Amino acid sequence: MSATAVVGLQWGDEAKGKIVDLLTDQHEIVVRYLGGNNAGHTVKFDGKTFKLSLLPAGVLRPGVTSVIATGVVINPEALLNEIAGVESQGVSIGEDLLISDRAHVIFPYHMAEEAIYEKQSGSSAIGTTMRGIGFCYREKAGRSHAIRVGELIRPDVLRSKLPEIIEFKNRLLTALDPEHTPFKADEVIEKYLHLGEKLKPHITDTTAYLHRQLKAGRRLLFEGAQGSLLDLDHGTFPFVTSSNSSGAGIHSGSGVPERHISRMIGIVKAYTTRVGGGPCPTELLDEVGQHIRDEGNEYGTVTGRPRRCGWLDAVATRYGANVSGVDCLAVMLLDVLSKLPELKICEAYEINGQRVEDFPSQIDDLAAAKPIYRTLKGWQTDICGVRKMADLPAEALEYVKVVSDLVGVPVQIVSVGPDRAQTILE
Ligand code: GDP
Ligand code: IMO
Ligand code: MG
């Protein structure tokens, strides 16, 4: 067993990117296995900041191979722009990036469909990132109109499949929105063949590659995207993303069975954030929520939207930890809480007058849930320079212990600042 996995336990943006980056020096291959350019992972070291969306954080560590595996949905133009962006920051991608030929391709009509659905759904809009993610996964599940990365480098296949798909999409989009400007099949085909040609050196059967590496004893690191509560099957449906963003997605998204994973790290923000729609029982619509947003700079990496902020929800996080099957926690952004005199952690919900400790399966019940809080004393001192668990103030240690007790998983990492170095390892 030679693999580690990093999975978010809340609604995304738990600072997975920071921990993946930190662990890249102990691994040879980093694998992104789900989602697409809806993700935004921030990595900071040596005074530099990288914002990664499709590229695994392994690209920032020389000698580490990065794999974009089967379960990812790829916008080729966005990927090439991202590669150019990190290269302009002095990072060389070279041959160390592999892209699955089984991954699915996002086309402009996916984004057009999403824009229409989100706009016309009114109050039931999901609040998606508008990157065509859900509509590409929808195509994959529907099969007949899906295009995979391997087909981008087979001009005959693309030329034979796309005209019919685009004709269908134009009819659909015009019916939904009479002002829709039809896509021109020839233009889309030429553009995507060109993009495919550029990505060709990286495109391969990543599943076969990963199994060869496992056999050779290489150490793999799985980079989760989104979070367990955004999982299509296990999250707060319908306010979720369209793939398995809990630990459940690792096997299906990479082709590597979980028995190869020896360490599953659950990433937990010391409080709660959520972007987009859907219930968030501990959300704070007051000055404390704004204080957390300001201190944590809680604005979306991808869309720039202000993130909804609130106290840590241990009911939701415990559920995320159970579904993902994590064996330790990394508690992130603890420093953001440093100025608050009093802190709260939600240990149970009250729903229809009943105390509930299981995370509700029905969205209406979650919307009706009132948090039952445990109140803790704040530490009110700067902890950004702390590097050892024992040097944390007693109140911060107590906070971390309560998180661990309520989630039911030991804490092995505490993060006290965005930089790679601002990390406490147990
Ligand atoms: P991801 O999507 O899970 O990788 O997380 P994001 O990158 O979207 O959001 C996490 C944000 O918190 C980024 O801006 C990080 O630079 C920042 N960050 C990470 N760890 C810490 C920390 O311990 N303290 C503070 N203050 N910021 C952190
Ligand atoms: P990282 O990897 C936070 C949210 C969107 C929306 C819902 C569905 O940075 O943690 P989608 O575009 O995926 O169909 O949108 O999921 N969402 C995220 N929220 N972090 C993310 O990724 C997210 N990826 C998607 O805001 O509510
Ligand atoms: Mg993010």
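The values are calculated or read from the model by the stated rules, or taken from the named source; none is laboratory data. Remember, predicted model here, so these are calculated numbers, not experimental data. A quick note on method: Cβ atoms are made from the backbone with ideal geometry, for glycine too, and the neighbour counts reach across all protein chains shown. These accessible areas exclude ligands, DNA and RNA; they are computed on the full protein's heavy atoms, side chains included. Shrake-Rupley method; radii C 1.70, N 1.55, O 1.52, S 1.80 Å.
Some points to look at:
- Spacing of the modelled spin labels on D205 and Y117, each 7 Å from Cα toward Cβ, amounts to 3.2 nm.
- Packing-based ranking, highest mean first, of 335-342, 73-80 given that Cβ atoms within 10 Å are counted: 73-80, 335-342
- Cα-centred dipole magnitude for segment 32-169, charges only on beta-carbon of K, R (+1) and D, E (-1), debye, nearest 20: 300
- DSSP assigns beta bridges within the chain; of those with both partners inside it, close to 40 percent run antiparallel.
- Calculated FRET value between C384 and F237, using beta carbons and R₀ = 35 Å, to 0.05: 0.40
- Peptides 293-299, 211-217, 403-409, ordered by how many other C-beta atoms sit within 10 Å of their residues on average, highest first, read 403-409, 293-299, 211-217.
- Structure note, pairs K16/K377; K16/K344; K215/K388: Cα-Cα distances above 30 angstrom occur for K215/K388.
- In the chain, Cα pairs under 8 Å separated by at least six residues give a relative contact order of 20 percent.
- Shown here: segment 323-426, whose C-alpha atoms stretch 44, 32, 21 Å along the first, second and third principal axes, sorted largest to smallest.
- Sites H291 and D405 - FRET efficiency at Förster radius 22 Å, r taken between beta-carbons, to 0.05: 0.30
- Centre-to-centre separation between the Cα atoms of segment 201-215 and those of segment 388-426: 36 Å.
- Accessible area, probe 1.4 Å, largest first, for residues D233, D177: D233, D177
- For R259 and D358, a Förster radius of 25 Å and the Cβ-Cβ distance give a FRET efficiency of 0.35, rounded to the nearest 0.05.
- Helix-derived mean residue ellipticity, 222 nm - over the chain, DSSP H n ≥ 4, -39500 (n - 2.57), to 500: -10000 deg cm²/dmol
- In terms of accessible area, using a 1.4 Å probe and ignoring ligands and nucleic acids, S252, S243, S262 rank largest first as S252, S262, S243.
- Anisotropy class assigned to segment 40-174 is oblate, per the alpha carbon gyration tensor with a/c at or over the 1.5 cut-off and a/b no larger than b/c.
- Rg/Rg_globular for the chain, with Rg_globular taken as 2.2 N^0.38 Å and Rg from C-alpha atoms: 0.98
- Ordered from highest to lowest accessible area with the whole protein assembly present and a 1.4 Å probe, K200, K184 read as K184, K200.
- Between segment 101-161 and segment 230-301, the alpha-carbon centres lie 23 Å apart.
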